[in-house]
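Written out below as structure tokens is the structure these notes cover.
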Amino acid sequence: MASKSAEIPVRVVELKQEDAAQAIQTSGFFTTDDETYLSFKTGGVIDKIYVKEGDAVRRGQLLATLKLTEINAQVNQAKLAYEKAVRDFKRVENLDKDSVATVEQYQNARTGMDVAEKQMEAASFNLSYSEIRALTNGYILNKLASEGQVVGPGTPVIRANGGDQRAWKLKVGVSDRQWALVTVGDKAKITTDAYGDKTFDAVVSGKSEGTDGITGAFSIELTLKNAPKGLASGLFGKATIFSSKTLRVWTIPYDALLDGDRQNGYVFTTNDSKVAVKTPVVIGRMDRDVLTIYGGLESSRYLIVSGSAYLKEGSPIRVIQ
């Protein structure tokens, strides 16, 4: 048994768990639910881009075109091949009537004509998608390519959205623990420096099912109920999400935490008021003078709040008032 002189004097408080509603602080960028990247179906050289960033556009408006020399040549080639296939089929058909051509020759000629027809349709379809038109009324967000640039099929050329026509959203990133607390339908409050102290109501409308490949965070979508006029895609916003789930948590003094980082840390606890136990904890929220602890204190009775700097695992202690 340790001597009285070896015992380290400490102060303790009894640990009590309580229910706590979760308010999750996060941030992200505004976007709309119809933001899209527009591209050509076929590759080629960009001939003309008729819009610039910030332009308002109407549904069906021509935005960009490719140089059509190559695609027109492919269309004409397909038409000529189809015309030849039709002539070949008619010749074999006449021979078949005279019982000169075989059934196989007739069937092959018919198949050749059908194949040539489909190739002509495909070439005409590609020609129609050698231009980019606006999918809806909205705004041009970015030009991602320039006139004279060679682009491949599907390469993004223009980024556009529906502006005030569709719902505005704030896409935010959260940790795995926060993601588990959020439920679709939870309420949220959003602020942005562009509108000063104004607060906008929002609701959680979507949750990602996987992490972002770059940031490693989970994504949450917040849809604004009454979006202000003039929002711009890419504008930075802050959000507070009010989780409908409650947690059993502990509230402890900030000074009781040792070696803490963003989510994890250590505290000293004791069950018998004689020996200090170094206990890892999960940090939920940091306020001015207190911490909300999500986990780690389930089997602990008392928290050491004074004298922790002199302790190590198993140190003998003496509780003082």
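How do the strands (runs of 3 or more DSSP E) wholly within the range 236-321 filter down when requiring 1 or more residues that are under 42 Å from the mean Cα position of the chain (by Cα) and of a type in the set (Val, Ile, Thr): which remain?
On the way: elements: 236-253, 264-270, 277-286, 290-295, 302-306, 317-319.
Ranges flagged: 236-253, 264-270, 277-286, 290-295, 302-306.
Could you check the range 137-172 and list, in sequence order, the residues that are β-branched (Val, Ile, Thr), closer than 25 Å to Gly44 by Cα and in contact with a Gly (Cβ under 8 Å, 6 or more places away or on another chain)?
Within the range 137-172, the first condition is being β-branched (Val, Ile, Thr), and the residues that meet it are 140, 150-151, 155, 157-158, 172.
If we keep only those that are closer than 25 Å to Gly44 by Cα as well, we get 140, 150-151, 155, 157-158.
Across the range 137-172, the qualifying residues are Ile140, Val150, Val151, Thr155.
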Given the criteria modelled with pLDDT of 90 or more and loosely packed, with under 14 Cβ neighbours inside 10 Å, does Val172 qualify? no
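Specify which of the listed residues (Ala227, Ala232, Ala217) is farther than 22 Å from Ala56 by Cα and not assigned by TED's automatic domain parsing to the domain that holds Tyr50.
Details: Ala227 fails: farther than 22 Å from Ala56 by Cα; Ala232 fails: farther than 22 Å from Ala56 by Cα.
Within the list Ala227, Ala232, Ala217, the selection yields Ala217.
Residues checked against (1) surrounded by 17 or more Cβ atoms within 10 Å (Cβ to Cβ); (2) at pLDDT 90 or above; (3) charged (D, E, K, R):
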{"position": "Glu221", "(1), (2), (3)": "yes, yes, yes"}
{"position": "Lys225", "(1), (2), (3)": "no, no, yes"}
{"position": "Leu231", "(1), (2), (3)": "yes, no, no"}
{"position": "Val249", "(1), (2), (3)": "yes, no, no"}
{"position": "Tyr254", "(1), (2), (3)": "no, no, no"}
{"position": "Val267", "(1), (2), (3)": "yes, yes, no"}
Could you please tell me which pairs satisfy a Cβ distance under 6 Å, a separation of 6+ or placement on different chains, a first residue in the range 189-212 that is in contact (Cβ under 8 Å) with a residue 40 or more places away in the chain and part of a strand (DSSP E or B), and a second residue that is of a type in the set (A, V, I, L, M) and surrounded by 14 or more Cβ atoms within 10 Å (Cβ to Cβ)? Ile190/Leu170; Ile190/Ala202; Ile190/Ala239
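The values are calculated or read from the model by the stated rules, or taken from the named source; none is laboratory data. This structure is a prediction, so every number in the text was calculated from the model and none was measured. Cβ atoms come from the backbone with ideal geometry, glycine included; neighbour counts cover every protein chain shown.
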